[in-house]
Amino acid sequence: MLNPSEQLAVAEVAIYAILVIPSIYVLFKHGWQGLNGWIFLVGFCMLRIIGCALQISHDKKGSISTIPAIISGVGLSPLVLAFIGILHESLVTSSFSSSLYL
C-alpha cells in the first residue's frame, strides 16, 4: 500500500508523462518561432517527472531527502518562462499586434 505522498507522486508522474507528449508535438510543430515557450514547457514536464520519480524511489527506500523537493521546485521556473514565451509568440503572431505598432 502506498502512503499519500507516494500516491501523489505517482499521480503527478502519470499526468506529466501524458502532458509531455503534446508538448513535444507542439514544440516540433511550431519550430523555431515557438522555441522560447515550448522548450521550457517540455523542460518543466521533464523536471516534474524526474522529481516525482526520485520522491517515489526515496519513499520506497524509507530515506528522507530534499533532492526531489529541490528538483520539483526548480521545475516551476521553466513554467513561468514558458508562459512568457507563449505570450510573446501570441503577441508577435497575432494580427491585433500589427495594428498596435503602426
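Each row is one residue, and each column tells you yes or no for (1) of a type in the set (D, E); (2) modelled with pLDDT under 80; (3) under 11 Å from the mean Cα position of the chain (by Cα); (4) outside any helix (DSSP H, G or I).
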position	(1), (2), (3), (4)
G51	no, no, no, no
P78	no, yes, yes, no
A82	no, yes, yes, no
L91	no, yes, no, no
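Across region 2-52, what is the total count of residues that are on the phi > 0 side of the Ramachandran plot and aliphatic (A, V, I, L, M)? Selection size over region 2-52: 0.
Listed by first and then second residue, the pairs linking a residue in region 48-74 that is in contact (Cβ under 8 Å) with a residue 12 or more places away in the chain and within 25 Å of S23 (Cα to Cα) to a residue that is open to solvent by 50 Å² or more (accessible area, probe 1.4 Å) and of a type in the set (S, T, N, Q), with Cβ atoms under 6 Å apart and 6 or more places separating them unless they lie on different chains, are P68/Q55. In region 27-41, is there at least one residue being buried (at least 18 other Cβ atoms within 10 Å of the Cβ) and of a type in the set (V, I, T)? No: zero hits. Answer with yes or no whether C45 is open to solvent by less than 70 Å² (accessible area, probe 1.4 Å), within 25 Å of H88 (Cα to Cα) and assigned to a helix (DSSP H, G or I). When the stated conditions are applied, C45 passes them. Evaluating G62 against the criteria (1) modelled with pLDDT under 75; (2) open to solvent by less than 80 Å² (accessible area, probe 1.4 Å); (3) not acidic (D, E) leaves one unmet condition, (1).
The values are calculated or read from the model by the stated rules, or taken from the named source; none is laboratory data. Everything numeric in this text was worked out from a predicted model, so none of it was measured. Virtual Cβ from ideal backbone geometry, glycine too; neighbours counted across all protein chains shown. Note: accessible area is taken over every heavy atom of the protein model, side chains too, but ligands, DNA and RNA are not part of it. Shrake-Rupley method; radii C 1.70, N 1.55, O 1.52, S 1.80 Å.
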